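Comments concern the structure below.
The values are calculated or read from the model by the stated rules, or taken from the named source; none is laboratory data. Since the model is a prediction, treat every value here as computed from it, not as a measurement. Heads up, the Cβs are rebuilt from the backbone with ideal geometry, glycines too, and the neighbour counts pull from every protein chain shown. The accessibility values were calculated without ligands, DNA or RNA, using every heavy atom of the protein model including side chains. Shrake-Rupley method; radii C 1.70, N 1.55, O 1.52, S 1.80 Å.
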Amino acid sequence: MTRTRDACLRYLSFDDGPEPGHTPRLLDTLARHGVKASFFLVGEKIEQYPEIVQRIVAEGHMIGNHSYSHWSFSNMTLTKQLDEVYRTDALLRLFDDRPHHRMRPPSGYVGAQLLLHFARRKRNLVYWSYDSLDYQDAPVETLIARLRNDPPVPGDIVLMHDDSDKATEALDVMLPEWLSQGFGFAALEGSAP
């Protein structure tokens, strides 16, 4: 079996933004290294910082849905969960004209009803296969060591966050190393039916 080019790619993904104190610097780092990524955005923050969302799209990154309020779906009714999803889809559509977006629920929680709803509509839920643990209360050197000693493998969707500078600081170090080792990166496909 031959490997396709896509089989060699890794997919950086960032949750919880946009954040004016952090996302622009992350975008600068990605641009400096020619890397495209995926941003799962929170609806309330989209409303507050539309210029950052415009920049994300203009620079060729994927925008995805990370709910409207970022409250855990675990205690919400299906009706409330769907309100969070579709309200954020409507906001995202203003930036890329897509009616629906890939969805990553807060904390990755998906109950059976939401899963069934998405399956019936052939909509995408996006998880991750590599958790960077950049949200842990540890110095950035710990994150860099983890990324260096146990790097993502081809096909991995890497979970990171753009609500702090940890991911940016780690990627400032790791992207040059990874790119010199032949790692490829891409944004996930953006649309969902």
Query raised in the report: Name the residues in segment 53-69 that are in contact (Cβ under 8 Å) with a residue 40 or more places away in the chain and surrounded by 20 or more Cβ atoms within 10 Å (Cβ to Cβ), would you?
Result: V53, H61, M62, I63, G64, H66
Query raised in the report: Looking at L125, L175, L143, L147, which one is among the hydrophobic types (A, V, I, L, M, F, W, C) and within 16 Å of the chain's Cα centre (by Cα)?
Result: L125
Query raised in the report: Which one of these does F40 not meet: (1) at pLDDT 95 or above; (2) part of a helix (DSSP H, G or I); (3) over 20 Å from F183 (Cβ atoms)?
Result: (2)
Report task. Under 7 Å between Cβ atoms, at least 6 apart or on separate chains: pull out the pairs that start in segment 114-125 with a residue that is closer than 17 Å to S67 by Cα and end on any residue that is polar (S, T, N, Q). Result -> L114/Q81
Query - Failed item, numbered, when G17 is tested on (1) in contact with a strand residue (DSSP E or B) (Cβ under 7 Å, 6 or more places away or on another chain); (2) open to solvent by 40 Å² or more (accessible area, probe 1.4 Å); (3) of a type in the set (G, A, S) - result: (2)
**Report entry** Selection status of L41, crowded, with 21+ Cβ neighbours inside 10 Å and in contact (Cβ under 8 Å) with a residue 12 or more places away in the chain
**Finding:** yes
